Amino acid sequence: LERSDKKAYEEAQKRLKMAEEDRKAMVPELRKKSRREYLAKREREKLEDLEAELADEEVLFGDVELSRHERRELKYKRRVRDLAREYRAAGEQEKLEATNRYHMPKETRGQPARTVDVVEEESGAPGEEQRRWEEARLGAASLKFGARDAASQEPKYQLVLEEDETIEFVRAAQLQGDQEPTSAPAPSAQAQQKESIQAVRRSLPVFPFREELLTAIASHQVLIIEGETGSGKTTQIPQYLFEEGYTKKGMKIACTQPRRVAAMSVAARVAREMGVKLGNEVGYSIRFEDCTSERTVLRYMTDGMLLREFLSEPDLASYSVVMVDEAHERTLHTDILFGLIKDVARFRPELKVLVASATLDTARFSTFFDDAPVFRIPGRRFPVDIFYTKAPEADYLEACVVSVLQIHVTQPPGDILVFLTGQEEIEAACEMLQDRCRRLGSKIRELLVLPIYANLPSDMQARIFQPTPPGARKVVVATNIAETSLTIEGIIYVLDPGFCKQKSYNPRTGMESLTVTPCSKASANQRAGRAGRVAAGKCFRLYTAWAYQHELEETTVPEIQRTSLGNVVLLLKSLGIHDLMHFDFLDPPPYETLLLALEQLYALGALNHLGELTTSGRKMAELPVDPMLSKMILASEKYSCSEEILTVAAMLSVNNSIFYRPKDKVVHADNARVNFFLPGGDHLVLLNVYTQWAESGYSSQWCYENFVQFRSMRRARDVREQLEGLLERVEVGLTSCQGDYVRVRKAITSGYFYHTARLTRSGYRTVKQQQTVFIHPNSSLFEQQPRWLLYHELVLTTKEFMRQVLEIESSWLLEVAPHYYKAKE
Ligand code: ADP
Ligand code: MG
């Protein structure tokens, strides 16, 4: 063994030990041991793997001179091959399990996505493997992409990117398709024939199974539907049901989506396909936005909205079908819906329940719903070549921009899909791309840069679906939304930095934070799959094959296990479900998290000491916002400042997208922002912005002049109106503080006394948990550092930052939450 390898091995062992200690330290009291054990076991297996691998190599290459670099390459390949085997095995296993149950489309059943090594080895002859490896090394494996595919473009390529700026990728695996790479239909030809929207409908993979599917639905109460993304589950199945008469006698069909954007966009698409106006027969309803009417029989809605439907209609009596879509996403709300719907289905045998999912996890859903049959829609999938970077990239945003240009100048036509983590990142990347394109001018072909994220206004959202003009190339820069919820035609290239934004929750400290974390392998493969929908595609991963193998989790942890549960517990309690410990969860949340949610609701006065809902708790459940926010709204009655508090609540709900800061006017923008500062903190700044905007007559010009985002403000206004409409129901009158901001601050404190921090000699510490935290540099209090403050949320980026902070006095804590805080003697 080479010394370096030994060292690597020792280091791995050390890391493992540290990781285990870390984990031990982090969750000593965590009773949900299963996951920990699972993780520890995986770590152990990883290590065993590594050991075996090193031993192997010693035997095989004992006498062969290999550089360290070559050894590493070999190792990559082996890992990827092993991965392929695992995948294959998993596929076989799944098939086996599947045959035991009722399945339709038997013959052409879709196979789980597979990844295979580029170096396919079939014989175990000695030396064979090495020969193949050498061949591969000489051939495609270490190709610098672009150089081969577009040799003729080389000079142009250099004009666009500096040599040392380009990123080197290695092709290491292939996601296998079930279609010949050559049988690709012309991607946008279909899309361009606008008149034949019905032809497009008929061309979707689900169409040939229409009758079978309807028969299956008719004969089973619960049906799990599995199909590749883009096969037509979301847009077609509700239409089939509509055509089949499931909406007669005023009955409705609900189809849930985990994401707002998906609900809106899909509803718009279906309305167009049916030739009706959005909001008539087809509509959507998402929090703070209801685009439905009496006539709306096909209702696309977020999973959270269907949950709230249970409040007004506990047996969902007006629905004939409930389709829980994108079930594999396992959002908190979807998971809770499962439990509730399973229960309702027992009482309402005529209610049809459909659970639709991408090709993941369907067996789990089936088991949960008492072995409900699985209906597989065979997808169309073309092979996707997967490339990894040779070395880790330090700045993935920059790397993204460079890679997009690299693809643009070296690769044949086809649109690009880039996965980033959120609005800020997406806007930055788009700006950088547009900037570079502008500077390159006519040196490159036209590149259309289109963002898509949750807060994007719908007209902008619609643009991503428009066909790309001939000669140009489209690059869509998206959040996770494009992973499975939206399908964009014409994507041939996927660029995946391998990150996503994830909520995490520490039940020990009760702190929730939003973090950019590596996505899971399942996610990465879904993303790659997006490149193979219309033709053979390529996926460029901005991380190494080693990282894929060793740093990514297999699947994403369900949200229910990494979020606070205050909201959901309040909702379940108001539905009369008291015994939460025995609620029928697909995966139960950690016991501590549940307990903490109960404790927090108790502190907020929503539950009494018997764990029953109080009057105030019932009111809090009426408001479609977090318990702390609703408590703040309720408290505004006591401090006679509901006008102001409504505004603050609305502004907090539109979330960090109030101010904008164009690159060429940074100083102006910052000055404009500082002009809104009021003593007291960020909540009052938000209030100030809104009040001045309202005084301007809600003017867009005013926004433009003050570097404020008009569309965020418009949204805040909508939210505010809706909350105002609910005030009566929770018995809060409309009153104003007349400039007495202490009252506003006290009302806010009544809701957020849980989120307080105190300045100590070593910086800010949260009051209860003694966690070190920092004021976000964007805050108006960043330079003031008051002694006591409360924060709206914690965001973990480089540090644990408090966003939206408000200065408070410690005596207020005793005033608003005497049961929670006690005066020091
Ligand atoms: P699934 O739910 O199985 O992933 P969908 O029903 O969402 O599939 O999509 C089926 C097809 O409908 C997609 O391939 C896409 O071509 C088309 N489609 C969906 N939404 C839109 C939209 N907003 N605009 C244009 N086409 C769309
Ligand atoms: Mg869908």
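The values are calculated or read from the model by the stated rules, or taken from the named source; none is laboratory data. Being a predicted model, the structure only gives us computed values, none of them experimental. Glycine also receives a Cβ, built like all others from the backbone with ideal geometry; neighbour counts cover every protein chain displayed. These accessible areas exclude ligands, DNA and RNA; they are computed on the full protein's heavy atoms, side chains included. Shrake-Rupley method; radii C 1.70, N 1.55, O 1.52, S 1.80 Å.
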What helices (runs of 4 or more DSSP H) completely inside the range 413-508 contain at least 2 residues that are open to solvent by less than 10 Å² (accessible area, probe 1.4 Å) and within 13 Å of ligand 1 (Cβ to nearest atom)? 481-484
Kindly provide the set of residues from the range 560-610 that are surrounded by 21 or more Cβ atoms within 10 Å (Cβ to Cβ) and over 26 Å from the mean Cα position of the chain (by Cα), ordered by number. 573, 600, 601, 604, 606, 607
Residue 538 vs. criteria crowded, with 21+ Cβ neighbours inside 10 Å and of a type in the set (Lys, Arg): yes
Scan of the range 265-283 for residues that are open to solvent by 20 Å² or more (accessible area, probe 1.4 Å) and either in contact with a strand residue (DSSP E or B) (Cβ under 7 Å, 6 or more places away or on another chain) or without any contact (Cβ under 8 Å) to a residue 12 or more places away in the chain (or both), ordered by number: 268, 274, 275, 276, 277, 278, 281
Quick one: residue 404 ticks every box in (1) more than 25 Å from residue 231 (Cα to Cα); (2) part of a loop (DSSP other than H, G, I, E, B) except a single one, so which number is it? (2)
Just for the range 541-559: of the residues that are over 20 Å from the mean Cα position of the chain (by Cα) and not in a loop (DSSP other than H, G, I, E, B), which one is surrounded by the fewest Cβ atoms within 10 Å (Cβ to Cβ)? 550
If we scan the range 284-300, do we find a residue that is open to solvent by 10 Å² or more (accessible area, probe 1.4 Å), among the aromatic types (Phe, Trp, Tyr) and within 15 Å of ligand 2 (Cβ to nearest atom)? yes
State yes or no: is residue 358 in contact (Cβ under 8 Å) with a residue 40 or more places away in the chain, away from ligand 1 (no atom under 16 Å from the Cβ) and of a type outside the set (Lys, Arg)? no
Among the residues of the range 245-265, are any closer than 19 Å to residue 203 by Cα, of a type in the set (D, E, K, R) and within 13 Å of ligand 2 (Cβ to nearest atom)? no
Looking at the range 199-215, which of the residues that are touching a residue at least 40 places away in the same chain (Cβ under 8 Å) and part of a helix (DSSP H, G or I) is most open to solvent (accessible area, probe 1.4 Å)? 212
Does any residue of the range 612-619 turn out to be among the hydroxyl-bearing types (Ser, Thr, Tyr) and outside any loop (DSSP other than H, G, I, E, B)? yes
Of all residues in the range 224-280 being of a type in the set (Lys, Arg) and outside any helix (DSSP H, G or I), which is farthest from ligand 1 (Cβ to nearest atom)? 252
Among residues belonging to the range 216-243 that are acidic (Asp, Glu) and modelled with pLDDT under 95, point out the one that is most open to solvent (accessible area, probe 1.4 Å). 228
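For (1) under 16 Å from residue 266 (Cα atoms); (2) within 14 Å of the chain's Cα centre (by Cα), each residue gets a yes or a no:
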{"site": "436", "(1), (2)": "no, no"}
{"site": "441", "(1), (2)": "no, no"}
{"site": "446", "(1), (2)": "no, no"}
{"site": "449", "(1), (2)": "no, no"}
{"site": "461", "(1), (2)": "yes, no"}
{"site": "501", "(1), (2)": "no, yes"}
{"site": "512", "(1), (2)": "no, no"}
{"site": "516", "(1), (2)": "no, yes"}
Residues that are hydroxyl-bearing (Ser, Thr, Tyr) and over 20 Å from residue 628 (Cα atoms): does the range 788-796 have at least one? no
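The rows are residues; the columns are (1) within 16 Å of ligand 1 (Cβ to nearest atom); (2) touching a residue at least 12 places away in the same chain (Cβ under 8 Å); (3) farther than 30 Å from residue 532 by Cβ.
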| residue | (1), (2), (3) |
| --- | --- |
| 285 | no, yes, yes |
| 292 | no, yes, yes |
| 302 | yes, yes, no |
| 340 | no, yes, yes |
| 343 | no, yes, yes |
| 349 | no, yes, yes |
| 392 | no, yes, no |
Which of the residues belonging to the range 509-524 are within 16 Å of ligand 1 (Cβ to nearest atom) and farther than 21 Å from residue 385 by Cα? none
If we keep just the residues of the range 307-327 that are hydroxyl-bearing (Ser, Thr, Tyr) and outside any strand (DSSP E or B), which is most open to solvent (accessible area, probe 1.4 Å)? 312
Across the range 769-794, what is the total count of residues that are of a type in the set (D, E, K, R) and buried (at least 16 other Cβ atoms within 10 Å of the Cβ)? 1
Here are some residues: 274, 251. Which one is of a type in the set (A, V, I, L, M) and within 22 Å of residue 317 (Cα to Cα)? 251
Looking only at the range 328-373, count how many residues are among the acidic types (Asp, Glu), in a loop (DSSP other than H, G, I, E, B) and surrounded by 21 or more Cβ atoms within 10 Å (Cβ to Cβ). 0
